[in-house]
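Coordinate-derived values only; no laboratory data. Being a predicted model, the structure only gives us computed values, none of them experimental. Heads up, the Cβs are rebuilt from the backbone with ideal geometry, glycines too, and the neighbour counts pull from every protein chain shown.
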Amino acid sequence: MTPKKVAAFALGPILGAALGLIILPFLTWFFTAEDIGRFTMLQVIIGLSTSLFSLAMHQAYVREYYEVDDREVLFKAAILPSFAFLTVTLLLTLCLPYSISEVLFGIKSNFLVVLLLIGIYSKLVINFLAHVLRMQERGLAFSATQITPKLLLVLFISFILVFSIEARFQVLMLMNISALFGSLSLFAWLTRKTWVPALFKPLNKDLVKNLLSFSLPLVAGGLAYWGLTTIDRFFLRAYSSFEELGVYAVSVSLAAAVSVVSTIFSNLWHPTVYKWVREGVKPEKVQAVIENMLIAVAIIWSLVGTLSWVALYFLPSEYQAVEYLVVACVAMPLFYILSETTVVGIGIARRTSFSMFASIGAFITNIVLNYLLIPEYGASGAALATVASFFVFFTIRTEA
């Protein structure tokens, strides 16, 4: 991949991380800590839906992209099972005798339920379309998938100042879902040459089976990984409050800015290494990548620890604990990116069950530590559980 293409792919994660740094601290000046906590729950549920209902078929799409000649047939075989699974599940969920919005947000509202459904569908389809752009090596268009939802959200939030809109959770959720739907419209236009012809192609059932055989072991691992990264929010809500959850969410948001390195690397690394496999590559070349990434992780973590006090100048006084929490929370993206280099053999050998074991092992560790630490230490306990759990995740993936 040429330096120009690398820069194009890097643009989205870098600007997306910058916007991510702006959004949540910006929200803290308008919305209460309780609403920030509810907003966190919204993001968690949309993330869970994407992990579960995608059936990890986007990863199968990436793995088979260079092996299947008809890319439109491949896209249809990848997205259709996910879309059908989501639709059936949501129809069954709507028949339940309780309010989804009340369970998640503490507010009973059909309007919030409708917004949630739109957000879940939009995020799922965006996830697939982003991988289409990624594999076509359309770097700038792919970067737009990282930037547009956050940019639109910042734009919508600015309306609170311009039009003196009341800052409450319903408004915040409407803005967030509108940003997702607007982004979906843009990406559907950018990828129309793939998904429009795919609508009229026959469904290759044998290809669907092959994709599922690769992806299904990743579903359990993906759900476990989702739980690994989000179960602390549920424990904080159960054993603490929306206020404590809001403080912790801001810490995680700031730490997530570091994930820009992980996102850039993953977007480039997986397509590159699979191409290397097809062409033949010496193990020493992969080892060099691992060693360089280890150095980068050590430097980044040290810088976060040194400069975490800067965050206090951009947050209200009730978020003072963020200075310390962010140093632990940054373990999540750093251990993940390091494991992305060491885990490469699993994808090459198609032994995806090992990834599932790593996620499940770390998830169980996270549940136990959150249960033991959060009741006494609150957000600090959640942060410590994150560090330990991701170390377990990294270790299992590396050894596998």
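Applying 0.36 nm per residue to the separation of ILE290 and ASN110 and subtracting their alpha-carbon distance, the gain on full extension is 59.9 nm. Only one residue of TRP226, PHE169, ILE290 has its Cα farthest out toward the positive end of the dipole of the chain, where Lys and Arg carry +1 and Asp and Glu -1 on Cβ, and that residue is ILE290. Build a GNM of the chain with springs between Cα atoms under 10 Å apart, and of PHE142, PHE363, PHE314 the one that fluctuates most is PHE314. Near ALA311, within a Cβ-to-Cβ distance under 14 Å, what is the net charge of the other residues, with Lys and Arg +1 and Asp and Glu -1? Every neighbour counted, the sum reads -2. Its relative contact order, with pairs defined as Cα atoms under 8 Å and 6+ residues apart, puts segment 3-399 at 25 percent. Taken over the chain, the percentage of Cα pairs per 20 Å bin, counting from 0 up to the bin with the maximum distance, is 26, 62, 12, 0. Dipole magnitude for segment 3-399: about 1240 debye, using +1 per Lys or Arg Cβ and -1 per Asp or Glu Cβ, origin at the Cα centre. Its relative contact order, with pairs defined as Cα atoms under 8 Å and 6+ residues apart, puts segment 238-345 at 49 percent.
For the options SER99, SER359, SER253, a Gaussian network treatment of the chain with springs between C-alpha atoms closer than 10 Å singles out SER99 as fluctuating the most.
Under a 5 Å amide H cut-off, with hydrogens placed 1.01 Å from N, SER109 pairs with SER101, GLU102 among residues at least 5 apart or on other chains. Stretching GLN320 away from ASP69 to a fully extended chain increases their span by 84.9 nm, per 0.36 nm per residue minus the current alpha-carbon distance. Reported to the nearest whole Å, the Cα centre-to-centre distance from segment 206-238 to segment 165-192 is 25.
Helical content alone sets the calculated 222 nm signal of the chain at -28500 deg cm²/dmol, taking -39,500 (n - 2.57) per DSSP H segment of four or more residues and averaging over every residue. Once the Cβ-Cβ distance of ALA84 and ARG168 is raised to the sixth power relative to R0 = 45 Å, the FRET efficiency obtained is 0.80. Straight-distance candidates among the lysines for linking to LYS275, with alpha-carbon spacing under 18 Å and chain neighbours fewer than 8 residues away dropped: LYS5, LYS285. For LEU115, neighbours were defined as the other residues whose beta-carbon sits under 13 Å from its Cβ, and their charges (Lys and Arg +1, Asp and Glu -1) total +2.
Neighbour counts of C-beta atoms inside 10 Å place SER355, SER308, SER82, SER302 in the sequence SER302, SER308, SER82, SER355, starting with the fewest. Straight-distance candidates among the lysines for linking to LYS201, with alpha-carbon spacing under 21 Å and chain neighbours fewer than 8 residues away dropped: LYS76, LYS193, LYS209. Other residues within the sphere of radius under 14 Å centred on the Cβ of ALA385, judged by their own Cβ, net out at -1 (K and R +1, D and E -1).
Projecting the Cα atoms of PHE159, HIS58, LEU199 onto the charge dipole of the chain (Cβ charges, centred on the Cα centre) puts LEU199 farthest toward the positive pole. Full extension of the chain between PHE357 and ASN204 gives 52.1 nm of extra length, using 0.36 nm per residue less the Cα-Cα distance. Normalising the average separation of contacting C-alpha pairs (under 8 angstrom, six or more residues apart) by the number of residues puts the relative contact order of segment 301-400 at 34 percent. If you plug the beta carbon distance of PHE30 and THR306 into 1/(1 + (r/R0)^6) with R0 = 41 Å, you get a FRET efficiency near 0.85. Taking the chain as a Gaussian network of alpha-carbon nodes connected by springs under 10 Å, the highest mean-square fluctuation of the residues VAL103, VAL273, VAL73 belongs to VAL103.
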